[in-house]
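A.B. asks: Questions regarding the structure given below will be posed in turn.
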Amino acid sequence: MLKKALAAFTDHPKSNNMTYLQHFSFAFGTAVLLIWTGCLGVIHAIFPFVHKTNTKDTVRFLNSEMNRK
């Protein structure tokens, strides 16, 4: 029973060649970056002359990071 519970936390990270903490750090950092980018996107929607390429740049960065991992 305990083995199955632990596997729920470790199987996916292992399949991506990461420890649980490495995966947590990467996933949490990605989430924070996406939230921040969303906030800047809202600012850009109101003031179109601000943060013109932020969303595009972030998506490109995350795509390169996801493909690297």
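A.B. asks: Name the residue from 7, 43, 67 whose Cα lies farthest towards the positive end of the charge dipole of the chain, charges +1 on Cβ of Lys and Arg and -1 on Cβ of Asp and Glu.
C.D. replies: So the residue furthest toward the plus end is 7.
A.B. asks: In whole percent, how big is the carbon plus sulfur part of the accessible area of the chain, probe 1.4 Å, protein atoms only? Walk me through the numbers before you get to the answer.
C.D. replies: On the way: 3940 of 5730 Å².
Result for the chain: 69 percent of the exposed heavy-atom area is carbon or sulfur.
A.B. asks: For the range 49-66, in order, what is each residue's ³J(HN,Hα) by Karplus, 6.51 cos²θ - 1.76 cosθ + 1.60 with θ = phi - 60°, in whole Hz (x at glycine and Pro)?
C.D. replies: So the Karplus estimates, Gly and Pro as x, are 8, 10, 6, 4, 10, 4, 5, 4, 4, 5, 4, 4, 4, 5, 4, 5, 5, 5 Hz.
A.B. asks: Would you please give the FRET efficiency between residue 31 and residue 52, computed as 1/(1 + (r/R0)^6) with r the Cβ-Cβ distance and R0 = 30 Å, to the nearest 0.05? Before the final figure, lay out the partial values.
C.D. replies: Details: r = 24 Å, r/R0 = 0.80.
That gives a FRET efficiency of 0.80.
A.B. asks: Using only Cα atoms, find the angle between the long axis of helix 20-46 and the longest principal axis of the chain, and express it within 0 to 90 degrees, rounded to the nearest 10.
C.D. replies: 20 degrees
A.B. asks: Also: Compute the relative contact order of the chain as a whole-number percentage, counting only Cα pairs closer than 8 Å that sit 6 or more residues apart in sequence. List each step's numbers first, then the result.
C.D. replies: On the way: 24 pairs, mean separation 13.8, N = 69.
About 20 percent, as a whole number.
A.B. asks: Given the chain, what count of lysine pairs have C-alpha atoms under 26 Å apart, with each pair 8 or more places apart or on different chains? Kindly include the intermediate steps, with their values, before the conclusion.
C.D. replies: Numbers: 3/14; 4/14; 4/69; 14/69; 56/69.
Number of lysine pairs found: 5.
A.B. asks: On to the next question. For the chain, what is the calculated [θ] at 222 nm in deg cm²/dmol (nearest 500), taking -39500 (n - 2.57) for each run of four or more DSSP H residues and dividing by its residue count?
C.D. replies: Values: 3 runs with 56 residues, N = 69.
So the calculated ellipticity at 222 nm is -27500 deg cm²/dmol.
A.B. asks: Would you kindly give the portion of the calculated P(r) for the chain that falls above 17 Å, as a percent of all Cα pairs?
C.D. replies: On the way: 1299 of 2346 pairs.
Counting pairs separated by more than 17 Å, the tail of P(r) holds 55 percent.
A.B. asks: Shifting gears a bit: What spacing in nm lies between the two simple spin-label points modelled at residue 16 and residue 59, each 7 Å away from Cα in the Cβ direction?
C.D. replies: 2.0 nm
The values are calculated or read from the model by the stated rules, or taken from the named source; none is laboratory data. Predicted, not measured: the structure shown is a model, and the values here were computed from it. Backbone-built Cβ (ideal geometry, glycine too); neighbour counts: all protein chains shown. Ligands, DNA and RNA are stripped out before the accessible areas are found, and what is left, the full protein with its side chains, is counted by its heavy atoms. Shrake-Rupley method; radii C 1.70, N 1.55, O 1.52, S 1.80 Å.
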